[in-house]
Every structure is written in C-alpha cells, then in structure tokens.
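A.B. asks: The structure that follows is given in the form of structure tokens.
The values are calculated or read from the model by the stated rules, or taken from the named source; none is laboratory data. Since the model is a prediction, treat every value here as computed from it, not as a measurement. Note: ideal-geometry Cβ built from the backbone for every residue, glycine included; neighbour counts use all protein chains shown.
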C-alpha cells in the first residue's frame, strides 16, 4: 500500500492539476453521453423506431454508468484513478466504433450502452473521489470546478454532434467521437495523480451502515427522482424543439445551454455553499431544478418563441449544476472522505434507476399522446419530489457526526 503523503500536500498545486485532469475527463465522457439527443432523430429515422425504443439507448447507457460507479469508485479507491481512466478510454473507443457499424437498434443497446456507460463510470466518480482526497479547506470549490467539465462537455458535445451529423452522418460522428475521446482520456490518465491521503483500507462505510441512516436514504430518493426529471429534457428536448419548428442544430444547442448554465450553477453555488452551508445550498438547487419545468409546461400549453425554451434550459442547468457540484461534497461531509468513490458511486446507482425509468417512460408518453405535455408534467412532478426529499437532510442521522456540517 502506498503511504500517505504529508498533509501539507492538501490544497496544493498538485491537487489543482488533478482538478484540471478531472475537468477534461468529465467534459469528454459527458460530452459524448449527453450528445445523444442530437443522434435521436437520425437514428430513429434510419431504424424506423419510435421515441420509446430509441430513447432506451440512452436510458441503458445512463443506467450502466451509474450502476458501475460503485465498482469503478471502489477500484479507484484501491489502485488510484489512472488505470480506471485508461480502461474507460478503451471502452469509449470500442463502444462507439462498434455502434457505427450496427444495423439493428437492439445491437446499439449493447455496444453504445456498454461502451459509453463504462467510459462514463470510469471517467466520473473515480475522478470526483480523487479531487475530494486532494482537498480539505477548498473541497467544495475544487469539486465544483472539476465537475464543471460536465457542463462544458454538455455545452460542446450536442451542438458539435449535430453539426458533424449533418456533414458526415451519425455513424461517422460516432467514429470521430470514439477516437478523439479516447485520445483525450489517455492524456487525462497521464496527468492525474492519486490523492495524498488515500482512504485507510479504501473501503469506507459498509452498505448496511449507510442504508441504516436517514441521510443516505433521503439522498438516495432525491437522486433517483432528480435523475428521472433531468434526463427527460436531456434526451427529448431537441426532438420537442424540432417538432416546434427549430432546426436540428438549434434543438441540440438547448442541451448545450443546459450545460453552460450548469457551469455557472456549479461554480457559483459551490462558492456560495462554503459560506451559507452546503446542505441548504444543495436543497436550493433542487428547488430551482423543479421550478424549471413550469417553463417547459408553459411552452407546451401556450406555445411561444424559441427563447422560452432557452430560458427553460438556463434555469434547469443552474439547478442541475448546483446538484452535481454539491452532492459529492455533501456526501464527504456526511460520511467522510474514506472510501469516497465507493459512497458516491453507491449514491449514483439511484440516478441510474431514475434514468432507466424516466427516459423511456417519457418516450412512451410521447408515442401514446402524440405530444410532450404528459412527459414534461411527470418529469416536473419528479423534480418536486426530489426537492421534498432533501428537506429532512439537515436533521438526518449522519454517519460520523463530527464530519457533518
């Protein structure tokens, strides 16, 4: 076992280099994963499938990456993030190159779902845990900067995919994304460093101990409901915009706007949380996320200019950014940094369930009703439920009371 480095290395320049590698890694894997909305219509058209069947590609992918997060997080806790990230690079290249050759959609469930799913699982939670281990005083800010890469990737991935699809088709775009993404992840693996204070024993609290606390149960419910709500517009908003007359690139740009707004939410709310309290700011993030769906429902019911959908994307992005920026830091405060990758990964299995349910259910509602009102309404209700589930967190029975705020 590698001996822990001196505590003076915490909050050091070496830690910020790991933040930079984490930022790029998350930008790559989520830029690819969240670009699926741009592929939705061309793939559905070629395979002759409805919204429900096509959206299942993304649902399986998200389920895969979230369910694998405890595995990759625990491996990274034991051996460091570098080998895990290299495995993610291989999975991304293989998955997308194989997806570019599929002739039936169900094969894409396997190639895209496994390839991109494994890549995100390797490029996200292990890097979040590494950043958390490098910092103490500025942990919330460091994590917020690192996960801002998700927002940048979301900003760039979907519009870039839409432009490339128009130029070289969706199959060629998968090839470009697979090769370029793998190269960038290898570079991140070369730059990332294991934290100076690896978790003692690298195990952290047991699943039984975590499940026995109200804090874990309430946050698990919050994560499941919020993921159900979030991934509905991430996948279906571009198609909704196209149905209302927007171009494919403009529709995909809405996902990019969610991404850039989330960057603002991640960094701004991450900084605010260190002053006002992480739990309260965390709760406020879900209130914002839930409120955003009122804007989308208003557009579905009353119509309006494209700018209304832009407003929806901005508000949703800010709430989403606060959620993703603060959750790892709040988890570290509740349960400590030992085995942080394991604990964060366990929490994100709830997001996998939410994605697996939310995206295809919304697609089935679109197919059944011929519109997006029910899909947006159900997603909005889940957003409200996510906010309600955060309310007990401030008085929950945290593991390791001395680590709680």
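A.B. asks: Can you tell me which of (1) within 22 Å of the chain's Cα centre (by Cα); (2) at pLDDT below 90 is the one residue 96 doesn't meet?
C.D. replies: (2)
A.B. asks: Would you check which residues across region 273-317 are modelled with pLDDT under 85 and surrounded by fewer than 18 Cβ atoms within 10 Å (Cβ to Cβ) and list them?
C.D. replies: 274, 275, 276, 277
A.B. asks: Just checking, which of 20, 119, 27 is surrounded by fewer than 18 Cβ atoms within 10 Å (Cβ to Cβ), outside any loop (DSSP other than H, G, I, E, B), touching a residue at least 12 places away in the same chain (Cβ under 8 Å) and touching a helix residue (DSSP H, G or I) at 6+ places or on another chain (Cβ under 8 Å)?
C.D. replies: Only one candidate qualifies: 20.
A.B. asks: If I ask for residues that are touching a residue at least 40 places away in the same chain (Cβ under 8 Å), surrounded by fewer than 24 Cβ atoms within 10 Å (Cβ to Cβ) and part of a helix (DSSP H, G or I), which ones from region 95-107 would you list?
C.D. replies: Applying the first criterion (touching a residue at least 40 places away in the same chain (Cβ under 8 Å)) to region 95-107 yields 95-97, 99-101, 104-105.
Still in the list and also surrounded by fewer than 24 Cβ atoms within 10 Å (Cβ to Cβ): 97, 100-101, 104-105.
Across region 95-107, the qualifying residues are 97, 105.
A.B. asks: Would you be able to say whether some residue in region 388-399 is buried (at least 18 other Cβ atoms within 10 Å of the Cβ) and either within 18 Å of the chain's Cα centre (by Cα) or at pLDDT 90 or above (or both)?
C.D. replies: Taking every residue of region 388-399 in turn, at least one turns out to be buried (at least 18 other Cβ atoms within 10 Å of the Cβ) and either within 18 Å of the chain's Cα centre (by Cα) or at pLDDT 90 or above (or both).
A.B. asks: One residue is enough: does region 307-322 have a residue meeting the conditions free of Cβ contacts under 8 Å to residues at least 24 places away in the same chain, under 23 Å from residue 242 (Cα atoms) and touching a helix residue (DSSP H, G or I) at 6+ places or on another chain (Cβ under 9 Å)? Before the answer, list the steps.
C.D. replies: Filtering region 307-322 down to residues free of Cβ contacts under 8 Å to residues at least 24 places away in the same chain leaves 307-308, 311.
Narrowing further to those that are under 23 Å from residue 242 (Cα atoms): 307-308, 311.
Then drop every residue that is not touching a helix residue (DSSP H, G or I) at 6+ places or on another chain (Cβ under 9 Å), which leaves 308, 311.
Yes, the conditions are met somewhere in region 307-322.
A.B. asks: Could you check how many residues of region 48-59 are farther than 12 Å from residue 99 by Cβ and either in a helix (DSSP H, G or I) or under 20 Å from the mean Cα position of the chain (by Cα) (or both)?
C.D. replies: 8
A.B. asks: Residue under question is residue 374, and the condition is that it be within 24 Å of residue 63 (Cβ to Cβ) and free of Cβ contacts under 8 Å to residues at least 40 places away in the same chain; does it hold?
C.D. replies: Yes: the conditions hold for residue 374.
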